[in-house]
1. Does region B:44-77 hold any residues that are within 15 Å of B:PRO31 (Cα to Cα), outside any strand (DSSP E or B) and among the hydrophobic types (A, V, I, L, M, F, W, C), and which are they?
2. Take the residues in region A:46-69 that are touching a strand residue (DSSP E or B) at 6+ places or on another chain (Cβ under 9 Å) and charged (D, E, K, R); name whichever of them is surrounded by the most Cβ atoms within 10 Å (Cβ to Cβ).
3. Quick check on region B:12-28: of everything there that is buried (at least 18 other Cβ atoms within 10 Å of the Cβ) and more than 14 Å from chain A (Cβ to nearest Cβ), which residue is nearest to B:ASP85 (Cα to Cα)?
4. Where in region A:57-110 are there strands (runs of 3 or more DSSP E), lying fully within it, with 3 or more residues that are within 14 Å of another protein chain (Cβ to nearest Cβ)?
5. With respect to the numbered conditions (1) more than 23 Å from A:PRO44 (Cβ to Cβ); (2) within 13 Å of chain A (Cβ to nearest Cβ); (3) touching a residue at least 40 places away in the same chain (Cβ under 8 Å), which one is the sole condition not fulfilled by B:GLN55?
6. Of a type outside the set (Phe, Trp, Tyr), surrounded by fewer than 20 Cβ atoms within 10 Å (Cβ to Cβ) and more than 27 Å from A:GLY103 (Cα to Cα): does that describe B:SER58?
7. Quick check: is even one residue across region A:23-45 out of contact with any strand residue (DSSP E or B) (no Cβ under 7 Å at 6 or more places or on another chain), in a strand (DSSP E or B) and surrounded by fewer than 21 Cβ atoms within 10 Å (Cβ to Cβ)?
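Derivation of every value follows stated rules applied to the coordinates shown; laboratory data play no part. Since the structure is predicted, the reported quantities are computational estimates derived from the model, not experimental observations. Every residue, glycine as well, gets a Cβ built from its backbone with ideal geometry; the counts of neighbours run over all protein chains shown.
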Amino acid sequence: DAKTTQPNSMESNEEEPVHLPCNHSTISGTDYIHWYRQLPSQGPEYVIHGLTSNVNNRMASLAIAEDRKSSTLILHRATLRDAAVYYCIRVGNSNYQLIWGAGTKLIIKP
Amino acid sequence: SQTIHQWPATLVQPVGSPLSLECTVEGTSNPNLYWYRQAAGRGLQLLFYSVGIGQISSEVPQNLSASRPQDRQFILSSKKLLLSDSGFYLCAWSTGGPTQYFGPGTRLTVL
């Protein structure tokens with residue numbers, strides 16, 4: 001099963017860090033972990049991806065467990081504009097197939 | 001820079017009517033193109049993908065079809081819409097790698 005497991009929803013306060021977990025216990029050694037987010041009534045937006053080591057970009061950081069069975073997307077200082085559904089996706093050898101779960105709905109409280 | 005356009009943004013159609021949704025990409029050549037559908041509160045379901053003009057792969061048997069008449073144009077069609085075709089339709093492109101870039105989507109309501 002190529003799907004990942006994420007909590008249905010999470011809440012966080014504005015200007016605080018947010019840690020979004022994802023379990024992918026059956027991941028293979030060559031599968032990348034990708035994160036996308038989808039703001040209300042918009043198309044998904046790429047956030048970050050990684051394979052084994054932790055990754056940082058201007059939007060977020062991605063921490064991948066040593067055994068690669070889980071990962072965490074980190075938003076260092078959440079704003080109201082970060083309220084969205086966040087999807088964790090395994091990407092295997094076929095680059096055409098992104099298997100989308102229901103994601104985590106992130107609610108930011110002012 | 002690359003941009004992706006979809007139209008219309010919203011559409012209300014009666015059951016049994018035809019459908020044509022268009023997607024165009026600017027600023028890149030020979031992109032991979034994708035059509036997805038998203039039901040309310042759910043993740044995305046891949047419907048079709050294309051690696052070149054006239055090359056279409058279908059992921060899910062259904063009432064829909066896709067065509068790619070030009071390098072950067074992708075069209076989703078139906079001859080007769082069903083109630084179950086309602087949803088949020090998203091077009092995306094990629095350079096062949098796993099990262100995909102999405103359009104703004106079309107919200108289709110079939111009555």
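1. Answer for region B:44-77, where residues must be within 15 Å of B:PRO31 (Cα to Cα), outside any strand (DSSP E or B) and among the hydrophobic types (A, V, I, L, M, F, W, C): just B:ILE53.
2. Only one residue tops the list, namely A:ARG68.
3. Among those that are buried (at least 18 other Cβ atoms within 10 Å of the Cβ) and more than 14 Å from chain A (Cβ to nearest Cβ), it is B:LEU19.
4. A:84-91
5. Every condition holds for B:GLN55 apart from (3).
6. Considered against the rule, which asks whether it is of a type outside the set (Phe, Trp, Tyr), surrounded by fewer than 20 Cβ atoms within 10 Å (Cβ to Cβ) and more than 27 Å from A:GLY103 (Cα to Cα), B:SER58 comes out as no.
7. no
Residues checked against (1) surrounded by fewer than 13 Cβ atoms within 10 Å (Cβ to Cβ); (2) of a type in the set (S, T, N, Q):
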{"position": "B:ASN30", "(1), (2)": "yes, yes"}
{"position": "B:GLN38", "(1), (2)": "no, yes"}
{"position": "B:ARG72", "(1), (2)": "no, no"}
{"position": "B:LEU76", "(1), (2)": "no, no"}
{"position": "B:SER86", "(1), (2)": "no, yes"}
